[in-house]
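Reading through the structure tokens given below for one structure.
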Amino acid sequence: MDRNQAYVDPDTIEEAAKTLERFAMRMRDFDTRLEGQLNRLGITFQDEAYERFCASFQTTRKLIATFAEETAAVLPKLRDDANRIRAAQNLKPNA
């Protein structure tokens with residue numbers, strides 16, 4: 001293969017998209033569960049350290065939400081790229 005040619009495996013792109021999607025889902029699930037646990041803890045116990053942690057956690061939650069949004073936006077593009085590469089590979093004559 002020529003150094004100037006790119007070789008991209010559409011199956012690898014599809015697998016990366018699936019992995020990214022699973023990771024984002026797990027992050028959202030973890031975020032939801034941890035928020036519930038913190039809310040329950042906050043009902044019975046609050047101090048300065050708890051308040052600092054909650055403030056930090058809210059910042060992290062915003063980052064998680066942004067990551068989830070970006071992931072949702074990029075997944076269709078990754079899958080479309082994989083399909084286009086696959087279609088282009090099917091057009092090439094067998095050498």
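Values quoted throughout were computed directly from the atomic coordinates according to the rules given, and no laboratory measurement underlies them. The shown structure was predicted, so the numbers you read here are calculated from the model rather than taken from an experiment. Don't worry about glycine lacking a Cβ; one is built from the backbone with ideal geometry, like all the others, and counts go over all protein chains shown.
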Give the label of the value calculated from the structure for P(r) over Cα pairs in 5 Å bins from 0, in percent, choosing from (i) 2, 13, 25, 22, 16, 10, 7, 3, 1, 0; (ii) 2, 11, 15, 15, 11, 10, 9, 7, 6, 5, 4, 3, 2, 1, 0; (iii) 3, 11, 15, 21, 22, 17, 9, 3, 0. (ii)
Taking R0 as 25 Å, what's the FRET efficiency between Phe53 and Met25 from their Cβ-Cβ distance, rounded to 0.05? 0.50
Check: C-alpha center the range 63-95 vs C-alpha center the range 33-48, spacing in Å is 40
Per-residue ³J(HN,Hα) for the range 28-43, Karplus 6.51 cos²θ - 1.76 cosθ + 1.60, θ = phi - 60°, Hz, x for Gly and Pro: 5, 5, 4, 4, 5, 5, 5, 4, x, 5, 5, 4, 5, 5, x, 5
Between Thr60 and Asp9, how many nm apart are label points set 7 Å from Cα along the C-beta direction? 3.4
For the pair Asn90 and Phe45, the simple spin-label estimate (label points 7 Å beyond Cα toward Cβ) gives in nm 5.8
The chain: angle of helix 48-91 to the longest principal axis, Cα-based, in degrees nearest 10: 10
Work out which chymotrypsin sites (Phe, Trp or Tyr not before Pro) in the chain are exposed loop sites (DSSP not H, G, I, E or B, at most 11 other Cβ within 10 Å) and give the longest gap free of them. 46-95
Once amide hydrogens are built 1.01 Å from N within the peptide plane, the residues lying 5 or more places from Asp9 or on another chain with amide H under 5 Å from its amide H are none
Can you list the lysines whose alpha carbon is less than 20 Å from that of Lys77, not counting same-chain residues fewer than 8 positions off? Lys18
Which value, in debye to the nearest 20, gives the size of the charge dipole of the chain about its Cα centre, when Lys and Arg are +1 and Asp and Glu are -1 at the Cβ? 200
